[in-house]
Amino acid sequence: MTQEIAVPARPEATPVSSPLSSHSERLASLYTAGPTAVSRDDGLILYRDMTLGRRFEDKCAEMYYRGKMFGFVHLYNGQEAVSTGVIKAMRAQHDWFCSTYRDHVHALSCGVPAREVMSELFGKATGCSKGRGGSMHLFSKEHHLLGGYAFIGEGIPVALGAAFTSRYKRDAMGDASSDSVTAAFFGDGTCNNGQFFECLNMAALWKLPILFVVENNKWAIGMAHDRATSDPEIWRKAAAFGMAGEEVDGMDVLAVRAAAQRAVERARAGEGPTLLECLTYRFRGHSLADPDELRSEAEKEFWAQRDPIKALAGHLTAHGLASAEELKAIEKEIDAEVADAVSFALAAPEPDPAELTRYIWAED
Amino acid sequence: MAETLLFNALRDAIDEEMAKDPTVCVFGEDVGQYGGSYKVTKDLYEKYGELRVLDTPIAENSFTGMAVGAAMTGLRPIVEGMNMGFLLLAFNQISNNMGMLRYTSGGNYTIPTVVRGPGGVGRQLGAEHSQRLEAYFHAVPGIKIVAVSTPTNAKGLMKAAIRDNNPVLFFEHVLLYNLSEEIPEGDYICALDQADVVREGNDVTILTYSRMRHHCIKAVQQLEAEGVDVELIDLISLKPFDMDTISRSIRKTHRVIVVEECMKTGGIGAELIALITEHCFDDLDARPLRLSSQDIPTPYNGALENLTIIQPSQIVDAARRLKAGTL
């Protein structure tokens, strides 16, 4: 009979991860990227825009489930501080904006009327893409919306082209007034795609006036960011290209706006691009077809506590910039605007079947 | 009239259009300081500067997408594929954004771009450098496809492509750059959508494009001696096809052969013969013929390579038998 030998207990396995790999830990460790002061007028513009984004998307969900819109619909709830913070730091109908399949709220922030966006989602002739594009392909040349691009990463080179034109008009065509800046929005999942790296390289190489705005919402459908990338801190990748990189609390519209203002100032001064990583979260599934089974309740609750619209409301009232009643009044106005967009879209004509092949060629 | 090499005809076209329109610019690998791999942009960098003749990193999909964005915001970029085969890497931007974006945007944007470069089978360049992407890109909506074959049409078509407000895929041929002929002086254009009737004839219509035009000319010379009167048509426009010119010819000859360098399956001839069957069925006295490359990756070995693509003797044989009714 052999004697049992006592084996020393093995130490608990420690998880192999960087101390900052968790999205929420990163958020907690951010230092305030001030100054984040805002005037009453600007504060109300931001509040109105974010509220419009939220209420519009809530209405989309309702209309989708009522069978008024079809296909894949990706809602922006929770990420409003990014769209509003960046786009309102730029010049409407002068600077250029490039979006993804999650593009409704970017379009609204650019100034595309809610009626035109809702009409497009209903597939109507009055839609901003004449019913040809749908939810993932909103375009408006009038509002300098380069479009919603539905394949991952394919909008970034297009945005780079708009930034190139800005520099080309100034330096190759002698137009000193050409100072437009382009913002390209995309998600954390895109930052593992070749077009992201190729365009960062070219933007830095040619000092193009562009903001690469990463809406890092932690999930690429069901792929957690930390499982998809070797270094979860996307903003650090800017250093490899010698460009400015910054991470910002993407649930704080004032912090996003301040970071965007710094980046826009650099871009207009000819100092080139910025990679801006906004730590944010989507409050709904990837699309309205997503069962959303992988994200934990605790995680969702953590981010729900950081609702960017409630945070801005708290800031405005705490600093005496607006009263709760005023904000309520804005919400009522927005609800009316969204309701009007729905009635307009419902009543709008379908595209003319005789025009099925129109818009293929430039002459038509 | 001046004796001009094909690559210089292209260069002159780009130079003249750049001089006239400051929004015309060139993007691509080695188009600037190096002057282009086939010297199509030679000296333009010195003349127009580094932004108008932009040397790009080797990132085909991204610089092609950049051209889309530049075109949407007011420029008229010409993208060079150093070898057209490399543009497989830009398939996404060419298809989704060059081809489809204007429609998807409901007419918000136009995409005036030219994507040009050497296509076709060269001399022992191996499979990857011997591709015929005109067939691969043929189904993409919203793009025009042309193939040039002589210094004269190279210059006139390049100028027309640059001025066109739609995306144009512009196929040159790696073995035709040193072709030389007298071309008209100064500014002229050739229509992007018109086939070129190279030789009129009454017995058999031969439809071809790019380098195969020259194989067909050799074959036609021999057929002429044998009393076979061929009508030879260079398609020029691969999308859309010039069905007016094609139908008119078939109404006269009642017999048609397509000679192409692309592979048979899913090739240009496949679509063309389907259209001929739809439009000209009652005019045909014999089944339409296709002479195409083998459905294989182009082999390196010279003898095998020659067996892969159509040779003039095969064209002679097919036309002879088609006329004699001995197919």
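List of remarks:
- Failed item in (1) within 14 Å of chain B (Cβ to nearest Cβ); (2) over 21 Å from B:I111 (Cα atoms); (3) in a loop (DSSP other than H, G, I, E, B), with A:H143 passing the rest: (2)
- Selection status of B:G126, away from every other protein chain (no Cβ under 14 Å), within 20 Å of the chain's Cα centre (by Cα) and either part of a loop (DSSP other than H, G, I, E, B) or not hydrophobic (A, V, I, L, M, F, W, C) (or both): no
- Complete set of residues in the range B:272-292 that are surrounded by 14 or more Cβ atoms within 10 Å (Cβ to Cβ) and assigned to a loop (DSSP other than H, G, I, E, B): B:L284, B:A286, B:P288
- For the range A:169-209, filtering for residues that are more than 10 Å from chain B (Cβ to nearest Cβ) and within 16 Å of the chain's Cα centre (by Cα) leaves 8.
- Residue within the range B:293-316 that is closer than 21 Å to B:D242 by Cα, in contact (Cβ under 8 Å) with a residue 24 or more places away in the chain, assigned by TED's automatic domain parsing to the domain that holds B:L207 and surrounded by 13 or more Cβ atoms within 10 Å (Cβ to Cβ) present: no
- Across the range A:123-140, the qualifying residues are those that are buried (at least 22 other Cβ atoms within 10 Å of the Cβ) and more than 8 Å from every other protein chain (Cβ to nearest Cβ), and the one among them that is farthest from A:G85 (Cα to Cα) is A:G123.
- Scanning the range A:350-364 for residues that are within 14 Å of chain B (Cβ to nearest Cβ) and of a type outside the set (S, T, N, Q) yields A:E350, A:P351, A:D352, A:E355, A:L356, A:R358, A:Y359, A:I360, A:W361, A:A362, A:E363, A:D364.
- Count of the range A:53-99 residues which are free of Cβ contacts under 8 Å to residues at least 40 places away in the same chain and among the acidic types (D, E): 2
- The helices (runs of 4 or more DSSP H) found wholly in the range B:130-241 and carrying at least 3 residues that are small (G, A, S) occupy B:151-163.
The values are calculated or read from the model by the stated rules, or taken from the named source; none is laboratory data. It should be emphasised that the depicted structure is a prediction, and the values quoted were computed from it without experimental measurement. In this analysis, Cβ positions are derived from the backbone assuming ideal geometry, glycine residues included, and neighbour counts consider all displayed protein chains.
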